[in-house]
1. From (1) in contact with a Ser or Thr (Cβ under 7 Å, 6 or more places away or on another chain); (2) at pLDDT below 90, pick out the condition that doesn't hold for residue B:72.
2. Step by step: first the residues of region A:16-28, then only those that are open to solvent by 10 Å² or more (accessible area, probe 1.4 Å) and touching a strand residue (DSSP E or B) at 6+ places or on another chain (Cβ under 9 Å), then the one that is nearest to residue B:144 (Cα to Cα). Which residue is that?
3. Filter region A:180-212 for residues that are at pLDDT 90 or above and among the aliphatic types (A, V, I, L, M) and give the result.
4. How many residues does region B:108-123 contain that are in contact with a strand residue (DSSP E or B) (Cβ under 9 Å, 6 or more places away or on another chain) and at the interface with chain A (Cβ under 9 Å from one of its Cβ atoms)?
5. Starting from region A:325-341, take each residue that is away from chain B (no Cβ under 12 Å) and list its partners that are of a type in the set (Gly, Ala, Ser), counting only C-beta distances under 6 angstrom and pairs at least six apart or across chains.
6. Residue B:97 is checked against (1) modelled with pLDDT of 90 or more; (2) within 29 Å of residue B:22 (Cβ to Cβ) and fails just one. What number does that condition carry?
7. For residue B:105, are the conditions met, namely being surrounded by 15 or more Cβ atoms within 10 Å (Cβ to Cβ), out of contact with any Gly (no Cβ under 8 Å at 6 or more places or on another chain) and within 7 Å of chain A (Cβ to nearest Cβ)?
8. Going through region A:1-15 one residue at a time, which ones are outside any helix (DSSP H, G or I) and surrounded by 15 or more Cβ atoms within 10 Å (Cβ to Cβ)?
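The values are calculated or read from the model by the stated rules, or taken from the named source; none is laboratory data. Here the structure is a predicted model, which is why all the values come from computation and not from measurement. No Cβ is skipped: glycine too gets one built from the backbone with ideal geometry, and neighbour counts run over all protein chains shown. The area values use the complete protein model at the heavy-atom level, side chains included, leaving out ligands, DNA and RNA. Shrake-Rupley method; radii C 1.70, N 1.55, O 1.52, S 1.80 Å.
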Amino acid sequence: MTVLILAIMVICAICGAPLFVFFGGLALLLFAHNGIDTSAVIIEMYRMASAPALVAIPLFTFAGYMMAESKTPARLVNFTRALVGWMPGGLAIVCLIACAFFTAFTGASGITIIALGGLLYPVLIKEKYSERFSSGLVTTSGSLGLLFPPSLPLILYGIIARVNIDELFMAGLIPGILLIIALSFYSIHSGIKTKVERQKFCLKEIKKTFWEAIWIVPLPLIILGGIYGGIFTASEAAAVTVVYVLFVELVIYRDLKPFKDVPKIAADSMILVGGVLIILGCAMGLTNFLVDAEVPAKLIAFMRQHISSKYTFLMLLNVCLLIVGCLMDIFSAIIVVVPLILPIASEFGVHPIHLGIIFLTNLEIGYSTPPVGLNLFISSYRLGKPISELCRASLPFLLIFIICLFIITYVPDISLGLIQLLKGG
Amino acid sequence: MTKIFQFIDCAFARIVESILVVVLLSTVGVTFLQVILRNFFNTGITWAELGGRNAVLWIAFLGAMLATRARQHLSIDLVTKLLSRKSRNSLRVALDAFAAVICLFLAKASLTFVLEERLMDTELFLGVKTWMVQSIIPFGFSMMSLEYFIGIVLDILRIFNPSISRRGDSGGQK
């Protein structure tokens, strides 16, 4: 009987049933099968209310959505354009930086492509970037910035893996910058090859756009400065960000109307947050069950028999995660896969923070890969292009991503160096 | 008949949204106040952190209720994208039924949990009892179950009359 129900559940999940229903149902089934009262599933779920950093997720997402709905994307683009627009491939670099900034705040939900893709794509075409390059750039940039604080997946990983979120924020910085630099070089190369038009370097323009964006540009510094200066914790930083963004958007720029826009944005952003957190809640019972059943220990034993070196393990990890990233959304993947992989990784001597960065970089690639890459669908909707065309256009970008992934995987210091430096000094 | 149904449906969604906004903004307010009090006045609110953590539980369930109404839950949507319109509609009946039943079981399990917690009668903060905060769990799951049951009815009606709009087509995002 249990096997039959299990089969039905798996089929439903593959056919597109909500994942929280699948995880919740699976937990109920496994608990009942082992003679444990099903209310124990809810006890696990309520542990959600004991995770201290969780409050950061709704608050940062709310702040990010408010910025995305205002004229902030345009301001940020104007400023970065004045700054690097004179370089060959400058506009493409603008796209990379602006997308990274927004993804970090909106939790890589695809809203970056909605807010920025439509804004940047026509300009890219106008400046004579090739159609393929432009659509590939916009599509893959939609998840760039995942490694920068305070991105939702980063916080979620910190909570699940029980690692210090402050350190995780630090660890993502250099790998994130590495990705942007690598993609920038490719953009410069393409810019030279297709002989795109360049803007003139104009100090006056930089000054003008800087003053227009002055309230938004320092926001990451305020967050990081506050956290590392010991003024507030990561979750308090989220509340400070919301108050700051509310003040900037309602009082200074007046892009948003307090009674018309804010409640609507709050509800819209909480649809995403609610969707992620309910999966977290439902999966808590499940992962706890798997740990009690010593599944990770059995996996370790199995791996030990077949794999001896850390490097083979990392290689296998990358392959597995790339497949997971192709099939699952990033949030569910973190919630379900991390508790299983974490003990195995530590057995092979992989630092949990390094694992987090590897994990997120892999899943960042999964955003733009068929068959279920979220970026592909959103950008196909936003740019009105068929998915198959976008897949081909994304290929060179994904190749660069994969090269960076290997560097990040096999050189742990890129992720851990900054933390050690700060701890030591 | 359908008008009354739509009115109740919309009104209920507005109420959920309003509570969500209030909970969200209060969490922001209390947490921000805590930062100000600690850094400038060397004092603090003892229940701020605890309150914030429990507010997340409410945000999670209220948000999930809205996500259910807008059919915006995360799922593996590969198969539905490949199917034709007609077979997709039939598949939806099965998926909504599956979700409705599981949510009902989750609601039942959480009701047992909250009733047990109520017997212990522990206070969380400021006179708020733990079970009161937790009661959002059975409430949320029951409402989601109801929403999926409504979905089944609409799905079936739609097979015979394709002009009926699907749940989530009107509400929700782009």
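1. Every condition holds for residue B:72 apart from (1).
2. Residue satisfying both the conditions and the ranking: A:18.
3. A:180, A:181, A:182, A:183, A:188 - these are the residues of region A:180-212 that are at pLDDT 90 or above and among the aliphatic types (A, V, I, L, M).
4. The total comes to 1.
5. A:325/A:366; A:338/A:161
6. Status for residue B:97: all satisfied but (2).
7. no
8. Within region A:1-15, A:15 is the sole residue that qualifies.
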